[in-house]
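A quick write-up on the structure given underneath.
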Amino acid sequence: MAQNLIGKTAIITGASAGIGWATARELARRGASVVLTARREKRLAELSQAISAEGGKSMALAGDAGSQAHIDQLLAKALEWTGRLDIVIVNAGRGLAGGALNSDQSQWEALYKLNVLGAAYLMREAAKIMLERKTGDIVALGSVSGHNISPFSGFYGSTKWAIAAVAEALRREVCSQGVRVTTIKPGIVESEFQAVAGYTYENFNKSIARFGKVLSADDVAQSISFIISQPQHVHINELVLRPTGQDYP
Ligand SMILES: NC(=O)c1ccc[n+]([C@@H]2O[C@H](COP(=O)([O-])OP(=O)(O)OC[C@H]3O[C@@H](n4cnc5c(N)ncnc54)[C@H](OP(=O)(O)O)[C@@H]3O)[C@@H](O)[C@H]2O)c1
């Protein structure tokens, strides 16, 4: 793909694994200066090294994506580094097995703090910066679990439903001023996500075996790259992608 992101700065949250890692590499390959964040500092250092080895530019700041203080610092450091902010991939997030009745209630608050409140705060603060230049792309990770709520991971799905609603609200507030806000809703992606969410062979792998090949983190990174590559007058508001064999949710 053309190196058409040269001179642009992109923040990617949740860059230490999975979709965030793959997206950071893809945007760096296309010439963007990428700002990496997640809690695991060592993983971010490994990613920075991999990006440098391919001739890309990156900086990393470890922290909790549910913390407003960390988000403020992240945005300040990004601006200090390159003086601009063009792209924000709001990706850090985690799953939780179970629905309203049987998910672990002790995790509800932390899940909303990360998947909804931290994500919404980053979107709001990034949008304020982008409005000054009347251009920019914010891409939030929703999920098919938030598009079609299923009891299997319904409580997690409610956080993805919520962040898609926040993204659409923000899009309506800023689109007339040149800033684009997109929700991307992937189906099942193989990553660290399943283990963190507490999915087991019995409640997950067994039931999805019939879907065939699931999505890779790179598949999602390519879709994100496509979303932000549209001409300025074209905006993909929402993109849903699933493994071809995924019939549910
Ligand atoms: N995998 C799927 O099937 C799937 C499907 C649809 C949507 N999604 C969404 O896609 C996004 C990425 O998922 P993934 O599949 O790439 O999962 P993953 O491999 O588990 O990666 C999650 C990333 O989020 C970071 N993270 C988690 N908690 C954090 C916190 N409190 N503060 C800062 N960073 C945190 C992790 O880094 P640290 O642990 O180093 O902090 C990691 O970099 C999530 O929003 C997820 O909900 C995933």
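No lab work stands behind these numbers, since they all come straight from the coordinates. Small disclaimer: the values here were computed from a predicted structure and weren't measured. Glycine also receives a Cβ, built like all others from the backbone with ideal geometry; neighbour counts cover every protein chain displayed.
Centre-to-centre, using Cα atoms only, the range 39-54 and the range 127-186 are separated by 27 Å. Roughly what angle does helix 18-29 make with the longest principal axis of the chain, taking Cα atoms, 0 to 90 degrees, to the nearest 10? Around 20 degrees separate the two axes. The alpha-carbon of residue 160 sits under 16 angstrom from the alpha-carbons of these aspartates and glutamates, leaving out residues fewer than 8 places away in its chain: 109, 168, 238. For the range 11-35, the residues whose amide N sits under 17 Å from a probe point set 7 Å from the Cα of residue 80 along the beta carbon direction are 11, 34-35.
Taking the charge dipole of the chain about its Cα centre, with +1 at Lys and Arg Cβ atoms and -1 at Asp and Glu Cβ atoms, the residue from 163, 181, 240 reaching farthest to the positive side is 181. Counting only alpha carbon atoms, the long axis of helix 68-82 and the longest principal axis of the chain meet at about 40°.
Note on residue 128 and residue 100: with the Förster distance fixed at 35 Å, the Cβ-Cβ geometry gives a FRET efficiency of about 0.50. Counting other Cβ atoms within 10 Å as a rough exposure proxy, the listed residues 39, 84 run 39, 84 from fewest neighbours to most.
One decimal place: the segment residue 148-residue 67 gains 26.3 nm when fully extended, by the rule 0.36 nm per residue minus the C-alpha distance. Between their Cα atoms, which of 57/77; 113/213; 8/134; 42/77; 8/213; 77/134 are more than 23 Å away from each other? The pairs that break the limit, which is 23 Å between Cα atoms, are 113/213; 8/213. Over every Cα atom in the range 9-240, the radius of gyration and the widest Cα-Cα span, Dmax, amount to 16.9, 50 Å. Relative to the longest principal axis of the Cα atoms of the chain, the long axis of helix 217-227 makes an angle of roughly 50 degrees.
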